[in-house]
Every structure is written in C-alpha cells, then in structure tokens.
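Beneath this line is the structure, given in structure tokens, with notes to follow.
Every read-out reported here was derived from the displayed coordinates using simple, explicitly stated rules and does not represent laboratory data. Here the structure is a predicted model, which is why all the values come from computation and not from measurement. Note that each Cβ is placed from the backbone with ideal geometry, even for glycine, and that neighbours are counted across all protein chains shown.
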Amino acid sequence: MPLNRTLCALTIATTCFMASAYADDTFDLQTLIDNARQEAPITVYAPTGKIVQQAEDFTEKYGVSAVGVKAKAAQTIEIVSRGARANNVQADVVLIEDAPGTTELLLEPHHVSSWAPEDMTDDIIREYQDPLAVILAPNVWAYNTAEYDSCPITNIWQLTEDEWRHKVTLQDPAIKPLYIDWFNQMATHHDQEMAEAFHAFSGKPLDTDEASATAEFVKRLAQNGPLMTPSDSEAAEAIGTPDAGDSFVGLISTAAFRDNNNGLALGICHGLEPFIGISYPTFGLMTTQTRSPNAAKLFLHYLMTEEGIKLQSMDGKMSTNTTFALPAEEASGIEQFRDQLMMYRTATAGSDWENRQDWLDLWGMNYSR
C-alpha cells in the first residue's frame with residue numbers, strides 16, 4: 001500500500017481522504033517562485049528555534065529572503081493581533097502551537113488566513129487543510145528503559161492508583177494549554193473509550209459524579225499528586241535518568257527523546273490503553289496584511305515538503321503531508337506507533353477554548369502535592 005494511503009488509514013477515518021476533487025491543476029510552482037522573488041522579504045514566527053535555519057535554507061533554495069524568529073504561541077498571537085489593529089505588519093507567516101487560541105483570536109477576526117498548497121491537496125490530511133496544520137506534534141507517555149524492560153503501565157487509569165502517587169510527571173497544564181485541550185478533546189470525542197479503558201482496568205463500570213469519564217480521570221490524576229514541571233526537559237529528566245531508581249512515568253514531547261543521545265533512557269509506552277498520547281497541530285498561516293503574499297505562500301509550500309520540514313521532523317513532529325514518513329534517525333521511534341496516538345480534531349477547537357478554564361479549575365481544585 002502506498003505510504004500516503006497507509007498513513008491516512010492511521011488517522012481519523014471520517015476526515016482523512018485523498019479526494020482528487022481538491023486538486024488544482026492550474027497551480028504552477030514556478031510562477032509562484034517568480035512572483036515571490038519580486039516581493040519584500042518575509043518574517044516567519046514559530047515556536048521552535050529551528051525556524052531560523054529553515055528560513056535560511058528557504059532563502060538559499062529560492063532566492064526569496066526570509067527571516068525566522070522563535071516565539072511562543074501567546075507572544076505570536078499578541079504580535080499579530082497588535083500589528084493587525086495598528087496596520088503595522090510584523091509577521092508574514094506564523095506557525096502556532098495553540099489551535100483554540102489561534103482559531104478564536106486570529107482566524108475569527110481575520111488577522112490571519114489559511115492557504116493549503118494547491119498541488120498537495122491530494123496528499124495533505126483533509127482534516128488539517130483548513131486551517132492548514134503544517135505538523136502534528138506528538139506528546140506521549142514515556143518510561144525509563146534502563147529501569148524497566150517495558151512500560152510499567154498498560155492502561156492510563158493505572159496512573160490514578162496509589163502505586164503511582166507522586167510518580168507521574170508532566171509539564172504544568174497551566175503553562176502548557178495543550179494538556180488542557182487534550183482533556184477536552186478526550187471528553188468530546190473519546191469519552192466512551194476512556195470509560196471502556198476504566199472497565200478493562202478495574203473489571204467494573206465507572207461510577208462517577210463527574211460529567212464524563214475523562215473528567216473523573218483528570219480529577220483522580222490530579223489527586224494523585226503528579227510532579228508538574230515548567231518544561232518538557234525537566235519532565236524527561238525525571239523519567240529517563242538512568243541511575244535514578246524508582247523513576248517516574250510521564251507525558252512529554254517526542255522532541256525530548258533527543259536527550260537519549262546525551263544519556264537519558266526514554267521509551268514510549270506503546271500499547272497503552274486507550275491512547276499512548278496526543279498528536280497536536282501546529283497551524284501554518286499567513287497574515288492577511290502581509291505585503292508579500294506570494295513569498296508567504298511559497299514558504300508554506302516549502303514547509304509542506306520533506307526537505308522543508310526535516311529539521312522539525314527530527315523531533316518526531318509529523319507532517320500532515322502523508323507522502324513521506326519521519327526520518328529514520330528520529331530518536332523516539334514514534335513513526336511505528338503513530339496509529340496509537342489520539343489525533344486532535346480542529347473542528348472542535350472552539351469548544352476547547354470555551355472549556356479551558358473549566359478544565360483548569362477541575363485540575364487545580366483537585367491537585368494534591
């Protein structure tokens with residue numbers, strides 16, 4: 001089976017398809033390049049420092065000047081919003097790892113617009129074409145391979161037991177909204193699977209006063225006193241330090257697995273029920289006031305190629321272009337387990353935004369040190 005069809009089958013069946021009706025036979029890449037070369041340089045904001053090198057490589061490849069700037073989602077949203085209101089464009093292309101915030105604060109007021117490369121619409125997962133998600137960044141449950149032959153948990157509900165009290169770690173949800181959105185996505189789309197996982201874990205149906213099985217899980221996990229860290233790297237150290245003994249299990253980005261080359265011993269909890277983690281989109285969008293729309297489109301086109309996204313793919317970040325896989329040298333090995341990830345559904349990003357505070361309150365009210 002061709003790679004694009006194989007990877008498509010591993011995503012959301014109802015939203016991922018390769019319908020040729022979406023292709024645009026009139027699109028001409030060389031014309032886009034020629035037009036882009038006539039425009040002013042562009043500035044690209046992204047949550048990774050690798051955007052600096054990506055912009056340099058793009059400039060060298062096409063002769064179209066681009067500058068990459070590392071910025072967190074909240075900072076980028078503020079820059080774009082202020083620039084739009086003041087009619088003073090500071091960014092031309094933005095990569096933002098905050099689907100609800102981007103939807104509500106930038107897309108809804110039309111500060112940014114989405115463009116999917118017209119020669120790739122047969123290959124990009126349909127769910128992630130409008131708005132365009134350039135990559136899906138996995139956050140996975142991980143364990144210490146120096147301490148355990150295999151992951152010590154097989155069901156996510158085990159993390160709510162006394163055995164794992166104070167032995168679970170993750171970045172503080174208050175500073176990583178991805179995890180709050182994960183809660184809402186599970187409750188919205190996968191609550192039955194959470195309930196079934198509890199039944200498989202305990203041998204009896206879940207009895208809860210909460211509004212959902214997911215809410216009960218979030219409450220119990222918070223009550224079990226997980227170690228909340230300010231960064232993925234600190235969570236990864238708690239999990240994967242080889243000589244730590246009695247190490248943590250935790251939720252981390254696949255990018256943290258690069259530190260296996262520096263002495264950590266991190267492994268993915270593959271086979272974990274109901275999911276091994278979540279794959280979260282990074283939107284790639286153009287500012288509506290850009291003075292270089294062709295250059296902005298060309299940069300987005302570049303990011304949707306294997307060459308253009310490779311620097312980020314090395315961190316396990318998966319392109320939504322299904323014609324190529326992750327590099328063989330990617331550290332985590334997530335490629336072989338991507339079908340076990342919960343895929344974020346952008347159609348309900350508005351619900352994630354509306355319910356963020358409720359989930360944060362549930363977590364905070366039940367958190368036990």
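Work out from phi, with θ = phi - 60° and the Karplus expression 6.51 cos²θ - 1.76 cosθ + 1.60, the ³J(HN,Hα) of each residue of the range 350-363, listed in order in whole Hz, and give x for Gly and Pro.
Residue by residue, the range 350-363 yields x, 5, 4, 5, 5, 9, 4, 5, 4, 5, 5, 5, 4, 5 Hz.
Assign one of three labels to the range 302-344, namely rounded, prolate or oblate, based on the Cα gyration tensor with a ≥ b ≥ c the square roots of its eigenvalues; rounded applies when a/c is under 1.5, prolate when it is not and a/b is larger than b/c, and oblate otherwise.
On the way: a/c = 2.04, a/b = 1.33, b/c = 1.54.
Oblate is the answer for the range 302-344, as a/c is 1.5 or above yet b/c matches or exceeds a/b.
Based on the Cβ-Cβ distance of D209 and A174, what FRET efficiency does E = 1/(1 + (r/R0)^6) give at R0 = 30 Å, to the nearest 0.05? Kindly include the intermediate steps, with their values, before the conclusion.
Details: r = 25 Å, r/R0 = 0.82.
FRET efficiency, D209 to A174: 0.75.
Taking K and R as +1 and D and E as -1, what net charge do the other residues with C-beta under 13 Å from the C-beta of G263 add up to? Please list the in-between numbers first.
Values: positive: R258; negative: E237, D243, D259.
Charge balance near G263 sits at -2.
Above 17 Å lies some portion of the pair distances; for the range 170-266, what is it as a whole percent of all C-alpha pairs? Each step should come with its number before you reach the end.
Details: 2750 of 4656 pairs.
Result: 59 percent of Cα pairs exceed 17 Å.
R0 = 25 Å: FRET efficiency of S113 with N88, Cβ-based, nearest 0.05?
Working: r = 18 Å, r/R0 = 0.72.
Efficiency computed from Cβ-Cβ geometry: 0.90.
Residue by residue through the range 161-169, what is 3J(HN,Hα) from phi via Karplus (6.51 cos²θ - 1.76 cosθ + 1.60, θ = phi - 60°)? Round to whole Hz and write x for glycine and proline.
Using θ = phi - 60°, the values come out as 8, 4, 4, 10, 5, 6, 10, 10, 9 Hz.
Can you check what the net charge comes to around R291, using other residues whose Cβ is under 14 Å from the Cβ of R291 (Lys, Arg +1; Asp, Glu -1)? Intermediate values should be presented prior to the final figure.
Numbers: positive: K297; negative: E39, D92.
After counting each charged neighbour, the total is -1.
Net charge near A197: determine it from the other residues with C-beta under 14 Å of the C-beta of A197, scoring Lys and Arg +1 and Asp and Glu -1.
Numbers: positive: K204, R220; negative: E161, D191, E193, E196, E216, E273.
Charge balance near A197 sits at -4.
Which order do H166, H270 fall in if you start with the one that has the fewest other Cβ atoms within 10 Å?
In increasing order of surrounding Cβ atoms, one gets H166, H270.
Is the shape of the range 258-359 best called rounded, prolate or oblate, per the rule: a/c under 1.5 gives rounded, else a/b larger than b/c gives prolate, else oblate, with a ≥ b ≥ c the square roots of the Cα gyration tensor eigenvalues? Show your work: numbers first, answer last.
On the way: a/c = 2.21, a/b = 1.23, b/c = 1.80.
The shape class here is oblate.
Quick one: work out the % antiparallel among DSSP beta bridges in the chain, nearest 5. Spell out each step's value before the answer.
Numbers: 24 of 40 bridges.
Antiparallel bridges make up about 60 percent of those DSSP assigns within the chain.
Quick check: the distance between the Cα centres of the range 125-151 and the range 169-211, to the nearest angstrom?
Cα centroid of the range 125-151 versus Cα centroid of the range 169-211: 17 Å apart.
For the range 79-149, just run the numbers: alpha carbon Rg, then divide by 2.2 N^0.38 Å, N being how many residues it has.
1.56
Starting from 0.36 nm per residue, how many nanometres of slack lie between N262 and F27 once their C-alpha separation is accounted for? Write out the running numbers ahead of the final one.
Numbers: separation 235, 0.36 × 235 = 84.60 nm, distance 4.52 nm.
Result: 80.1 nm gained on full extension.
For H270 and S81 in one chain, what is 0.36 nm times their gap in residues minus the Cα-Cα distance, to one decimal in nm? Don't skip to the end; give the middle numbers.
Numbers: separation 189, 0.36 × 189 = 68.04 nm, distance 4.02 nm.
The span from H270 to S81 would gain 64.0 nm if fully extended.
Kirkwood hydrodynamic radius (Cα pairs, Å) of the chain?
Numbers: mean 1/r = 0.0469 Å⁻¹.
Across the chain, the inverse of the average 1/r is 21.3 Å.
Given contacts defined as C-alpha pairs under 8 Å and at least six residues apart, what's the relative contact order of the chain, whole-number percent?
Values: 732 pairs, mean separation 100.9, N = 369.
Reported as a whole number, the value is 27 percent.
Below 8 Å, C-alpha to C-alpha, sequence gap of six or more: please give me the relative contact order for the range 121-238 in percent. Don't skip to the answer; put the middle values down first.
Numbers: 95 pairs, mean separation 37.8, N = 118.
Relative CO of the range 121-238 lands at 32 percent.
How far apart, in nm, are two points set 7 Å out from the Cα along the Cα-to-Cβ line at E335 and at Q192?
Between E335 and Q192, the label points sit 3.4 nm apart.
So how far apart, in nm, are the two label points at K70 and S150 if each is 7 Å from Cα heading toward Cβ?
3.8 nm
Using the count of nearby Cβ atoms within 10 Å as a rough guide to exposure, how do C269, C151 rank from fewest to most? List each step's numbers first, then the result.
Numbers: C269 23, C151 19.
Exposure proxy ranking, most exposed first: C151, C269.
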